[in-house]
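Participant: The structure's right below; bear with me while I get my questions together.
All of the numbers you see were taken from the coordinates with simple rules; none came from a lab. Here the structure is a predicted model, which is why all the values come from computation and not from measurement. As a convention, Cβ positions derive from the backbone with ideal geometry for all residues, glycine included, and neighbour counts pool all protein chains shown.
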């Protein structure tokens, strides 16, 4: 999963965005955001990012479009056709 392949409606989990607590790029792959979990969750508490969407009792996902806009990441070019 790379930022260039995600549409604004794609739902992503925190581990996909910033990696798990014990982040190891060789084991977990690249992160979508260049910072850690604490900043991500602090930005949610501060209201910079909307609350996630509960998918289950222990699963929360976030709209990629909300994340992209909050951090000023470029939008994916939509294919014509």
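Participant: What distance in nm separates the two pseudo spin-label positions at residue 46 and residue 27, each 7 Å out from Cα along the beta-carbon direction?
Facilitator: Distance between label points: 3.0 nm.
Participant: Starting with the fewest neighbours, write out 51, 26 ranked by other beta-carbon atoms found within 10 Å of each beta-carbon. Intermediate results must be reported in sequence, preceding the final value.
Facilitator: Numbers: 51 11, 26 5.
Final ranking by Cβ density, sparse to dense: 26, 51.
Participant: OK, next. Can you give me the convex hull volume of the Cα atoms of the range 3-71, divided per residue and expressed in Å³? Please report the intermediate quantities before stating the final value.
Facilitator: Details: hull volume 6.6 nm³, N = 69.
So the per-residue Cα hull volume is 96 Å³.
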